Amino acid sequence: MTTPASNDPASQPDAAASVPGRKPMDAIMSLCKRRGFIYQASEIYGGINGFWDYGPLGALMKRNLREAWWQDMIMNPAWGRKGPNGEAVRCVPVETCIIQHPKVWEASGHLAGFADPMRKCAKCGHFVRADQYWDTLVESSEWFNSLIQEFEPAPMGTQTPGLDSSRMMKWARGKGKKLAPNLALVRNPEVTLSWLATRVNGQPNVPPDVQEIVRHVATEQLNATGLQEPCPRCGGELGAPAQFKLMFETWAGLTQTDDNKVYLRPETAQGIFVQFKNVVDTTRVKIPFGIGNTGKSFRNEITPRNFTFRSREFEQAELEFFCHPDESHAWYQFWRDFRMEWWRSIGLSSDNLILREHDKDELSHYSTGTCDVEYRFPFTAPGYGELEGVAHRGNFDLTQHQKHSGAKLEYFDQERGELLPNGSRKGERYLPHCIEPAAGLDRGVLALICEAYTVDPARPSPEFMKFHPRIAPIKAAVFPLVNKDGMPEKAEALHAELNKRFGRQGLIETDPKQTIGKRYARMDEAGCPYCFTIDGQTMTDQTITVRDRDTGSQERIAIDKVAEFLGEKLGE
Ligand code: ATP
């Protein structure tokens, strides 16, 4: 979910440039391509909408993010902190299939309810998501962005405040014909403009807002259906919203019939619920505990957009934390707070992160609390877009799977229930409640890339990436200052030593060619936090220079202390 509401004037293109701190998305995307972070999927065939591939640096970075999640949520959950029950948090992993029994999706409610409201253009057949109509118009409609420039400069206090009818007429007869042939203003400019004038006149001090004008230029006269919202592609009339299923379908088996129909999972969470009983029966876990699952999910998003933010294939990292109903609220708060802290710990700044609690009317019927960790992406600024959802799901999922599968999913808790004379407990049987922190790894990578992107025209690389060392795809680089006088050999030896120790965490680069300035610039652009340079002095006193990416400052340290130095910086 993206906040703010689409009618926020700041989300409109004319205001976009003036939003302080908004980073240029085009430049970020072009750096991602140039340096091998993210490529369009199937690019040599013209690409495929909603699908993205990761290049070498992007794949390494995403692996680092997944590893960080895995380490801090499964191996050493919540950094070894105690939970609200006073004990260390315990979690285990599973890895479940993308394709599950179709009844899983019946039980989870996805088959019946996982759909978006869509509107279809009666003229060109284009679909637009009803609840994202205005965002889509602002972000991707060519005619809208062209038209909006026409009424901005008109002086206030004129007959149609903020509007210049002659300019709009010119637009309708020129550019409009090409860009929005089905818009009422283009088909019938005289009628539409005079109708528009009657609607916006009479309030000389209140210029009509953009949405109002757009609705008017799409409507020749007020008819039974009222003001129109025009198709973002051709300006034609959009039909009423209809539900559009988001799950990808395929067949398992030879016959491609309804009996063999299966679905690509739209989330990793359900795989956890359906294996809950197996995990309890085959391992020594006791409630409270969590089960984590990472992997690809698929949603046939109607309007994939904003780079990787809304893709059709994406990766999730989800934890289901099972606990006693009486403790569930405390665990909800625990995970909500930890997840915010975690995103900050890997480099997202507090200024760009918010925790948004859902209003009562936004909550699913089974949830007593849900919040989103939201990031201020350049394309949502000054608003925020969802990075992770943390939901109190009650026992909804286990109840549903118990009902639909017939399997008993209740948990027998030996540590609860009446106290018996022998000092033990009678035990209590219940369906655990569940807290679900559900993160998106692709949105995570995108947020980290946007956060890291920094422009400083004074530097040799005017664009550079300030990645947190834990996330940086290249951890360090070793350079001989010049490619002679024993320096390359020394650099090679240091590179081999660092690679042996840190190679599991990311790339350790080495490069003897080009000027040192160019080599630093290349590393800055890739977000490598430290460069170690072997120079003439190294050959006499066994020290090297360490260059810090963010400040560009250099210090000398002993060559035999380099591994220790890097280990500390990487948080070992
Ligand atoms: P949105 O409201 O943005 O569609 P959602 O609330 O449906 O997201 P969830 O079902 O809670 O998302 O999924 C958990 C996480 O998975 C999201 O916070 C997000 O990071 C990621 N995610 C969901 N849909 C997509 C997508 N189409 N592309 C990339 N990541 C996604």
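Summarising the label geometry, the points placed 7 Å from Cα in the beta-carbon direction at residue 403 and residue 419 lie 3.8 nm from one another. Projecting label points 7 angstrom from Cα along Cα→Cβ for residue 518 and residue 30 puts them 2.1 nm apart. Projected over every direction and averaged, the convex hull enclosing the alpha-carbon atoms of region 451-572 yields 6.8 nm².
Measuring from centroid to centroid over Cα atoms, what is the spacing of region 294-326 and region 353-386 in Å? That distance is 15 Å. In summary, the lysines within cross-link reach of residue 277, defined as a Cα separation below 29 angstrom excluding same-chain residues under 8 places away, comprise 82, 103, 261, 286, 296, 403, 408, 426.
Using a probe of 1.4 Å on the protein chains alone, the accessible area found for residue 387 is around 10 Å².
For region 462-572, give the magnitude of the charge dipole about the Cα centre (Cβ charges: +1 Lys/Arg, -1 Asp/Glu; no others), in debye to the nearest 20. Could you put the intermediate results ahead of the total?
Values: 17 positive and 18 negative charges, 55 e Å.
The calculated dipole for region 462-572 is roughly 260 debye.
Per residue, the Cα convex hull of region 478-532 amounts to 64 Å³. When both region 463-483 and region 232-285 are represented by their alpha-carbon centers, they are found 41 Å apart.
The residues of the chain expose, per residue, 46 Å² of accessible area to a 1.4 Å probe.
A simple count of charges around residue 231, restricted to other residues whose Cβ falls under 14 Å of its Cβ and scoring Lys, Arg +1 and Asp, Glu -1, yields +4. Full extension of the chain between residue 560 and residue 344 gives 74.5 nm of extra length, using 0.36 nm per residue less the Cα-Cα distance. Length gained on full extension, residue 256 to residue 456: 66.3 nm, using 0.36 nm per residue less the C-alpha separation. Largest accessible area first, the residues 463, 315, 497 order themselves as 497, 463, 315 under a 1.4 Å probe with ligands, DNA and RNA left out. Using only side-chain charges placed at the Cβ, +1 for Lys and Arg and -1 for Asp and Glu, the dipole size of region 256-361 relative to its Cα centre rounds to 280 debye. For region 18-76, what does the alpha-carbon gyration tensor say about shape, rounded, prolate or oblate, given a ≥ b ≥ c as the root eigenvalues, a/c under 1.5 as rounded, and a/b over b/c as prolate? Here region 18-76 falls in the oblate category. With contacts taken as Cα pairs under 8 Å at a separation of at least 6 residues, region 243-340 carries a relative contact order of 26 percent.
Here is the short version for the chain: 32, 91, 97, 323, 371, 434, 450, 528, 531 have no other Cys C-beta closer than 4.7 Å. DSSP beta bridges confined to region 460-569 are antiparallel in about 50 percent of cases.
Once all protein chains are placed together, residue 79 keeps about 90 Å² accessible to a 1.4 angstrom probe. Listed by chain and number, the aspartates and glutamates whose C-alpha is less than 19 Å from the C-alpha of residue 484, apart from same-chain residues fewer than 8 away, are 492, 509, 511, 535, 541. Using C-alpha pairs below 8 Å separated by at least 6 residues, the relative contact order for the chain is 14 percent. Computed 3J(HN,Hα) for region 418-429, one whole-Hz value per residue from the Karplus formula 6.51 cos²θ - 1.76 cosθ + 1.60 where θ = phi - 60°, is 4, 7, 8, x, 7, x, 8, 9, 6, x, 9, 9, glycine and proline marked x.
Pairs of alpha carbons in region 23-171 separated by more than 25 Å make up 67% of all such pairs.
The antiparallel fraction among DSSP beta bridges confined to the chain stands at about 85%. In this Cβ point-charge picture (+1 for Lys and Arg, -1 for Asp and Glu), the chain has a dipole of about 960 debye about its Cα centre. Between residue 106 and residue 149, residue separation times 0.36 nm minus the direct Cα-Cα distance comes to 10.6 nm. The trypsin sites (Lys or Arg not before Pro) found in region 469-540 that occupy coil by DSSP, while having at most 13 further C-beta atoms within 10 Å, are 484, 504, 513.
The accessible surface of the chain, taken with every protein chain in place and a 1.4 Å probe, is 51 percent carbon and sulfur.
Placing dummy labels 7 Å off each Cα toward the beta-carbon, the span from residue 212 to residue 366 is 4.5 nm. Straight-distance candidates among the lysines for linking to residue 175, with alpha-carbon spacing under 25 Å and chain neighbours fewer than 8 residues away dropped: 120, 123.
Counting only other residues whose beta carbon sits under 9 Å from that of residue 52, what net charge do I get with K and R as +1, D and E as -1? Every neighbour counted, the sum reads -3. For the chain, compute Rg over Rh where Rg is the Cα radius of gyration and Rh is the Kirkwood radius from the inverse mean 1/r over Cα pairs. That ratio is 1.04, to two decimals. For the chain, the 222 nm mean residue ellipticity estimated from helices alone, with every DSSP H stretch of n ≥ 4 adding -39500 (n - 2.57) and the total spread over all residues, rounds to -9500 deg cm²/dmol.
The values are calculated or read from the model by the stated rules, or taken from the named source; none is laboratory data. Just so you know, these numbers come straight off a predicted model, no measurement behind them. With ideal geometry, Cβ positions are generated from the backbone for all residues, glycine too; neighbour counts draw on all protein chains shown. Surface accessibility is based on the protein's heavy atoms, side chains included, excluding ligands, DNA and RNA. Shrake-Rupley method; radii C 1.70, N 1.55, O 1.52, S 1.80 Å.
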